[in-house]
Each structure stands twice: as C-alpha cells, then as structure tokens.
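Right, one structure below, let's go through it.
The values are calculated or read from the model by the stated rules, or taken from the named source; none is laboratory data. Owing to the predicted nature of the structure, the values given are computational and were not obtained by experimental measurement. Please note: Cβ atoms are built from the backbone with ideal geometry, for glycine as well, and neighbour counts cover all protein chains shown.
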There are 2 protein chains.
Amino acid sequence: MTNDISQGLSCPLPIDNYATVVLAHGGGGKLTHQLIEQVFKKHFSNPDLDLMHDGAMVEVNKGRIAISTDSYVVSPISFPGGNIGELAVNGTVNDIAMCGAQPKYLTASFILEEGLRIDELEIIVESMANAAKKAGVLIVTGDTKVVPRGKADKIFITTSGVGMIPEGRNIHPSKINAGDKIIISGTIGDHGMAVMSVREGLEFESEIRSDTCALNGLVEAMYHASSNINFLRDPTRGGVASTMNEIASSSNKGIRLFEQAIPVNGNVRSACEILGFDPLYVANEGKLIAIVSSVDAEKILAVMKQHPFGKDSSIIGEVTNEHPSVVVLQTVIGGERVVDMMSGEQLPRIC
Amino acid sequence: MTNDISQGLSCPLPIDNYATVVLAHGGGGKLTHQLIEQVFKKHFSNPDLDLMHDGAMVEVNKGRIAISTDSYVVSPISFPGGNIGELAVNGTVNDIAMCGAQPKYLTASFILEEGLRIDELEIIVESMANAAKKAGVLIVTGDTKVVPRGKADKIFITTSGVGMIPEGRNIHPSKINAGDKIIISGTIGDHGMAVMSVREGLEFESEIRSDTCALNGLVEAMYHASSNINFLRDPTRGGVASTMNEIASSSNKGIRLFEQAIPVNGNVRSACEILGFDPLYVANEGKLIAIVSSVDAEKILAVMKQHPFGKDSSIIGEVTNEHPSVVVLQTVIGGERVVDMMSGEQLPRIC
C-alpha cells in the first residue's frame with residue numbers, strides 16, 4: 001500500500017465522475033469521504049452530523065426515552081407514493097411515536113451494492129432528508145458499507161431512532177382493558193398493494209399509492225385530546241391481523257373487530273381480490289392502531305379525523321375479556337371468524 | 001389469503017424443523033415470531049426486549065447522550081478471534097465509548113439471506129449476547145428482514161447504540177491542542193489481517209487473531225486517571241492512517257507520528273509484507289487512539305498498560321501547529337513522509 005500513499009497525494013476523481021457506487025466508496029478512505037460530503041452531508045447537513053465523529057452527542061432531559069431500529073429492504077426501491085428512503089425515515093419515526101414518544105434523532109446506515117447509480121442514491125437520500133424535515137427529526141449520524149455486485153440488492157437502509165417520552169404517557173400491554181375501543185387512523189393495505197401492483201404490473205384507473213408518512217404529529221394531536229391512550233402500534237408487516245394478534249397475545253385480552261368498520265380503498269380491495277390477498281394481512285406504512293379508554297374514544301376519534309393523516313379514522317373494534325389472546329372478526333354478513341396471525345410469507349420485501 | 005387464515009389455526013412446523021432461514025421468517029407472521037422467540041429472545045432476553053414493542057422505553061438522566069450506528073457486512077462471517085455478531089456489538093459499543101460515553105442500550109437489526117443455516121445464525125446471535133454481557137450493555141430492540149437467495153450475502157447486521165456522557169467529559173476536535181500526545185492502546189492491523197489471512201489462505205506459526213473487543217472499560221479506566229482526554233477514536237476502516245487524517249482535518253492541526261513507537265505484531269507485519277499492505281491502513285476492531293494533554297499523558301498511558309485491552313499501549317505521536325491538517329510519519333530510518341488518507345479500497349468487507 002506504500003505506493004498508494006504517494007498516489008493519494010494526487011486527487012482522485014471527483015464523485016461527479018463516478019456514475020455508480022464502487023467498492024472503494026465503502027473503504028473508509030478518500031472516496032468514502034467524498035460520497036459522504038457530496039451525497040449524504042449535502043442533504044442531511046446539521047451541526048451534530050457535520051461533526052462526523054463516530055457517534056452523535058445530544059442533550060436529553062431526565063425521563064424515559066424510546067429507542068427503535070428497522071432495516072428496509074423493499075423491492076422495488078421506488079413505488080407510487082414513496083421510496084425506500086422515505087420509508088426508512090417514516091418507519092422509524094413511527095416506531096418511536098408508537099411508544100408515545102416524540103422522535104428527535106435518527107441514525108441512517110446504508111448497505112450499497114456495487115454498481116448502484118449515484119443519481120439513484122441521491123434521490124433516495126434527498127427523500128430521506130425531506131421526510132426527516134417533515135417529521136421534525138435530525139439525522140445525526142450514519143454509516144456506509146459497500147458490498148460487491150450480487151451480494152446485496154441495490155440498497156438496504158437501517159434507521160434507528162431516539163425520542164423523548166413526555167411525562168404521563170404510558171404505552172404498555174398491561175394498560176389494555178376490556179371495553180377499550182380500537183381505532184385505526186385510516187384505510188388499510190395501501191402500502192403493500194402499492195408495492196405489489198408495481199411488481200405485478202397491475203394498473204387501475206387511479207393508481208394505488210403507498211400511505212408512507214410520519215405519524216408523530218397525529219400522535220401528538222391525539223395526546224392533546226386525551227391521555228387515555230393505552231396502546232399504540234403501526235400495523236406494518238403482517239398487517240392489521242398480525243398486529244392485533246400480537247396485542248391480544250401480549251395483553252392476554254380478546255379482540256373483536258367489526259369488518260364493516262374497517263376502511264379499505266376501492267382499488268386496494270380490487271387489487272387484493274385479483275392477487276388473492278386479504279387486506280387485513282397487507283402492510284401499512286402510514287397508519288396506526290390506538291387502543292383507548294371507551295370514555296374518551298369519540299373525543300380522540302374526532303381529533304384524528306381532523307388531522308390530514310387521520311381523516312379516515314374509524315373505531316374498528318373493542319377489547320373483551322372473552323376469548324383471551326384471540327382476535328375475532330365480525331364479518332359484513334354477520335358471521336364470526338377467528339383472525340389468526342399470518343402463518344407464511346404473504347408479501348416478501350414489502351418494507 | 002383467506003385460506004391461510006384457517007390453515008393458520010393448525011400449527012406450522014416448529015423452528016427446529018427449519019434447518020435454514022426461509023422468506024417467511026421475515027414476513028412478520030408466525031415464523032417471524034418463532035425465529036424471534038427461539039433464536040433472538042432465547043439469547044438476548046431482558047425485560048425491555050421481552051416486551052416486544054416496536055421500540056424500547058428506557059430511563060435516562062438529564063445530560064448528554066451519544067448515539068451511534070454501524071452496519072456489518074464482513075466476509076467471511078467468522079474469522080480467527082471473532083465473528084460478525086461480536087464485531088457488531090463491540091463496534092457500536094466502541095463508537096459510543098469514543099464519545100466519552102458509557103454505552104447502555106443497543107439495537108440489532110438483521111438482514112438475512114434466504115438459505116442461511118439457522119445453527120450458523122444462532123452461533124452469531126449467541127456471540128452477540130456474550131459480547132453484550134461482557135460490555136455491560138443491553139440489546140433492547142431489533143428487527144429481522146429476509147431477502148431471497150442471492151440478494152444478500154448470508155447475514156448483514158446493523159447495530160445502533162445509546163450511551164450516557166458523564167458530566168465533565170468533552171470529546172471534540174476543537175479541544176485538540178499543539179503539544180497533545182497521541183496514544184494507541186495496542187498493536188495495529190490485527191483485525192484486518194485476521195480476516196485477510198482467512199480469505200487468502202495464509203498460514204503462520206501463530207494464527208493472526210482479530211482484536212475485536214469492547215473498549216468501554218478501558219475508556220472508564222482512562223477517565224478515572226485523568227479528564228484531560230481531548231479526543232478518542234477507534235481506528236477501524238482505513239486504519240490508523242485514515243483516522244489520523246480525519247482528526248488532523250477536523251482539528252486543523254498537524255499530526256506527527258513516530259513509526260518506531262507504533263506496535264505491530266510480527267505475524268501481522270509478515271502478512272502485510274506478503275500481501276502488500278501497509279499496517280497503518282489496516283482496520284482495527286479493538287484499539288483506540290487517544291489524544292491527551294501532555295501533562296497527563298504518562299499517567300493515562302500507565303493505567304492503559306494495566307488494562308487487559310491496553311497492555312501494549314504506546315505514545316505514538318504528538319499534535320503540532322506545523323503542517324495543519326497533514327499527518328507526517330517520522331520513519332524508523334529517520335526520514336519523514338506524508339501519510340495520506342487511503343485513496344482506494346484496500347480491504348473490502350473487513351467489517
């Protein structure tokens with residue numbers, strides 16, 4: 001490597017001359033720094049990030065914080081309504097918000113496949129910056145690795161987040177009580193079917209768009225109306241059915257859902273019928289399920305409906321002491337069926 | 001999917017019957033839950049993680065916290081002295097410690113390639129649990145995605161961490177002053193050459209082992225001796241040379257290194273000679289560089305030498321007002337040369 005040291009004194013190609021990611025972009029040397037400066041810092045710049053230390057150092061108040069992480073491997077990386085970058089920011093913001101916390105700081109770690117076009121990468125990074133701005137969070141530190149062609153699929157992004165939990169908020173399965181109402185913040189299945197429609201080449205009169213968005217603003221509005229919010233969860237992978245099963249299981253309560261009350265967009269319903277999916281199992285990326293005390297359910301529902309990300313909110317069910325750990329759906333035609341957790345892989349690489 | 005709901009009532013195969021990871025392990029349904037219960041929770045179990053919410057909720061004191069993230073894509077996933085799991089825990093613990101912080105909470109996000117052997121995965125997860133225990137940190141939340149065969153390479157792990165910065169500690173490039181001493185905590189190049197030796201099939205009388213370890217205990221010992229620690233950094237990707245260049249650049253100071261004082265194991269030196277590497281550019285995973293006020297340098301060095309992870313510590317250089325932003329090496333034979341940042345990709349997928 002001694003030769004490289006003297007070679008290093010002459011400047012390597014500016015990044016503009018690299019149309020695609022090369023292995024050296026992940027080597028920790030000059031090209032890594034150029035990629036960081038000219039793509040990541042260009043869009044993410046803030047004083048914490050710009051310090052470029054191994055970690056970010058930020059202030060917190062005494063109290064509880066929420067910490068979350070998610071990896072994003074969605075394919076294709078762009079789809080109607082969003083791309084993997086927006087998804088990675090919104091998804092982790094939402095996981096923090098589902099703890100009743102106010103998301104503040106995000107980290108972003110990239111695994112890039114050699115050969116990824118730099119202009120494609122920049123579009124994703126720019127989307128992340130915009131999504132972070134909208135959600136009011138800072139991307140304070142990150143990492144970039146590059147693997148050889150065929151050892152990843154374009155780009156994988158892992159985001160982690162930290163948020164502060166204001167006093168008096170307590171999201172915990174033990175707080176869920178019989179009689180509590182179950183509210184969903186809007187239509188289900190939009191994200192999963194937006195991705196599947198692209199993959200399967202389905203076309204509808206009106207395009208199915210992902211619902212990806214940051215839900216922290218909606219959560220704040222809800223807490224402003226009432227602190228009787230006992231549980232929050234965003235029904236992503238596995239959809240509403242899997243999420244409700246997780247909640248039933250962790251709280252050891254029964255869940256009763258009313259099919260008629262569950263909002264589904266017409267074109268999502270059509271796509272589900274064509275492809276043989278049940279919308280209850282399809283992923284959402286901009287919806288939350290709230291389990292709230294019945295006394296405040298209507299009040300909370302009302303503020304949700306006034307929020308741009310909650311206008312189709314609906315009370316879709318209730319908690320019961322009957323059939324503990326089991327989710328039962330009262331169907332449109334009046335029957336009842338058990339809604340089990342998904343047993344297999346319905347939609348691979350949906351997020 | 002309606003059919004799958006009734007099928008779901010009969011139990012799918014227990015995980016013991018899956019020898020390898022299948023796509024459904026990442027689907028968010030039953031198999032995901034089985035994988036979490038029987039591999040991840042089995043080894044990582046703690047009250048925060050066991051809650052299995054989207055995020056972990058933990059207590060902090062008022063003050064500064066450090067946040068860090070890193071993705072690990074090392075190939076091969078096991079090497080003498082460690083594996084990708086240990087590396088992922090120690091690496092993020094170290095990034096937090098290099099902020100002068102006490103690492104507390106880790107998140108772990110897995111991208112698994114379909115076909116990865118579950119027993120291989122479990123070995124890695126167990127190593128992570130052991131590394132976390134040794135470092136005194138809790139893995140409080142995580143995520144698992146599965147991508148089809150050929151879309152990843154066995155396993156990628158992204159860890160993020162949060163640590164508390166005790167009052168009075170302040171790691172910042174602006175604190176670096178001319179006259180400060182530069183200390184390294186031991187021999188350089190061990191991790192990189194351990195991985196390269198496996199890849200290249202090199203054999204030595206004594207095996208080259210990765211130095212991966214958690215440095216937070218060493219950092220605490222150093223702060224116990226003196227708070228005159230102005231900067232800390234672990235020289236991972238790009239090695240000591242790239243790290244020193246980053247420090248010179250961010251502090252706008254000159255760095256002078258003494259080649260003779262830089263400890264290198266004999267077999268690492270031999271492997272570097274055979275493969276044409278300069279150990280200054282080879283990655284370390286269990287070493288730190290400290291820039292300390294000269295008045296306390298010997299005191300700090302003494303406690304480092306007493307620590308199991310610092311016994312070969314050495315003062316290897318000093319900060320100067322000459323040649324700002326440039327790193328100069330005083331060679332063994334008495335000459336001087338500029339040590340530049342690595343310009344290309346020396347060792348792909350070393351971490």
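Over 30 Å from B:H25 (Cα atoms), at the interface with another protein chain (Cβ under 8 Å from one of its Cβ atoms) and either crowded, with 20+ Cβ neighbours inside 10 Å or touching a residue at least 60 places away in the same chain (Cβ under 8 Å) (or both): does that describe B:M164? Taking the combined requirement at face value, the residue does not satisfy it.
One residue stands out in the range B:46-83 among those that are assigned to a loop (DSSP other than H, G, I, E, B) and modelled with pLDDT under 95: the one that is surrounded by the most Cβ atoms within 10 Å (Cβ to Cβ), namely B:G55. Among the residues making up the range B:304-321, those that are touching a Pro at 6+ places or on another chain (Cβ under 9 Å) and either farther than 10 Å from B:S185 by Cα or not in a loop (DSSP other than H, G, I, E, B) (or both) are B:S314, B:I316. Just the residues that are modelled with pLDDT of 95 or more and buried (at least 21 other Cβ atoms within 10 Å of the Cβ), please, taken from the range B:329-343. Within the range B:329-343, B:L329, B:V339 meet the criteria.
Can you tell me which condition B:I333 does not meet? The list is (1) touching a residue at least 12 places away in the same chain (Cβ under 8 Å); (2) part of a loop (DSSP other than H, G, I, E, B), and all the others hold. Going through (1) touching a residue at least 12 places away in the same chain (Cβ under 8 Å); (2) part of a loop (DSSP other than H, G, I, E, B) one by one, B:I333 breaks only (1).
Of the residues A:T141, A:T159, which is at the interface with chain B (Cβ under 7 Å from one of its Cβ atoms) and in a strand (DSSP E or B)?
A:T141
State whether the residues of the range A:344-351 include one that is part of a loop (DSSP other than H, G, I, E, B), surrounded by 14 or more Cβ atoms within 10 Å (Cβ to Cβ), β-branched (V, I, T) and not assigned by TED's automatic domain parsing to the domain that holds A:R199. Taking every residue of the range A:344-351 in turn, at least one turns out to be part of a loop (DSSP other than H, G, I, E, B), surrounded by 14 or more Cβ atoms within 10 Å (Cβ to Cβ), β-branched (V, I, T) and not assigned by TED's automatic domain parsing to the domain that holds A:R199. In the range B:193-250, the residue that is nearest to B:T159 (Cα to Cα) out of those that are in contact with a strand residue (DSSP E or B) (Cβ under 6 Å, 6 or more places away or on another chain) and of a type in the set (V, I, T) is B:T212. Going by what's in this entry, would B:T212 be described as buried (at least 24 other Cβ atoms within 10 Å of the Cβ) and within 21 Å of B:V268 (Cα to Cα)? Taking the combined requirement at face value, the residue satisfies it. Residues in the range A:270-303 that are surrounded by fewer than 21 Cβ atoms within 10 Å (Cβ to Cβ), assigned to a loop (DSSP other than H, G, I, E, B) and of a type in the set (D, E): A:D278 only.
With respect to B:K133, is the statement that it is among the basic types (K, R) and within 28 Å of B:N230 (Cα to Cα) true?
Taking the combined requirement at face value, the residue does not satisfy it.
Looking across the range A:215-238 at every residue that is touching a Phe, Trp or Tyr at 6+ places or on another chain (Cβ under 8 Å) and modelled with pLDDT of 95 or more, the one that is farthest from A:G286 (Cα to Cα) is identified as A:I229. Close contacts from the range A:47-59, counting a first residue that is without any contact (Cβ under 8 Å) to a residue 40 or more places away in the chain and a second that is surrounded by fewer than 17 Cβ atoms within 10 Å (Cβ to Cβ), with Cβ to Cβ under 6 Å and a gap of 6+ residues or different chains, come to none at all.
Here the condition is being within 10 Å of chain B (Cβ to nearest Cβ), among the charged types (D, E, K, R) and surrounded by fewer than 20 Cβ atoms within 10 Å (Cβ to Cβ); of A:R149, A:R117, A:R169, it holds for A:R169 alone.
Residues that are within 30 Å of B:E200 (Cα to Cα), aliphatic (A, V, I, L, M) and more than 22 Å from the chain's Cα centre (by Cα) do not occur anywhere in the range B:285-301.
If you filter the range B:126-138 down to residues that are aliphatic (A, V, I, L, M) and outside any helix (DSSP H, G or I), you find that the one that is surrounded by the most Cβ atoms within 10 Å (Cβ to Cβ) is B:V137. One residue alone among A:V332, A:V338 is over 23 Å from the mean Cα position of the chain (by Cα) and farther than 18 Å from A:T187 by Cα, and that residue is A:V338.
Among the residues of the range A:247-298 satisfying the criterion of being charged (D, E, K, R) and over 17 Å from A:D234 (Cβ atoms), which is nearest to the other protein chains (Cβ to nearest Cβ)? Steps first, please.
Let us first name the residues in the range A:247-298 that are charged (D, E, K, R), namely A:253, A:256, A:259, A:269, A:273, A:278, A:285, A:287, A:296, A:298.
Filter once more, keeping what is over 17 Å from A:D234 (Cβ atoms): A:253, A:256, A:259, A:269, A:273, A:278, A:296, A:298.
Details: A:K253: 16, A:R256: 16, A:E259: 12, A:R269: 13, A:E273: 11, A:D278: 4, A:D296: 22, A:E298: 26 Å.
Across the range A:247-298, the extreme among qualifying residues is A:D278.
Considering the conditions (1) within 14 Å of chain B (Cβ to nearest Cβ); (2) more than 30 Å from B:I111 (Cα to Cα); (3) buried (at least 19 other Cβ atoms within 10 Å of the Cβ); (4) of a type in the set (V, I, T), A:V326 is excluded by exactly one of them, (3).
Here is a yes/no grid of residues against (1) more than 10 Å from chain B (Cβ to nearest Cβ); (2) out of contact with any Gly (no Cβ under 9 Å at 6 or more places or on another chain); (3) among the small types (G, A, S); (4) under 18 Å from A:G136 (Cα atoms):
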| residue | (1), (2), (3), (4) |
| --- | --- |
| A:L49 | yes, no, no, yes |
| A:G55 | no, no, yes, no |
| A:V58 | no, yes, no, yes |
| A:P103 | no, no, no, yes |
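Scanning the range B:1-45 for residues that are more than 10 Å from chain A (Cβ to nearest Cβ), assigned to a helix (DSSP H, G or I) and modelled with pLDDT of 90 or more yields B:Q34, B:L35, B:I36, B:E37, B:Q38, B:V39, B:F40, B:K41, B:K42, B:H43, B:F44.
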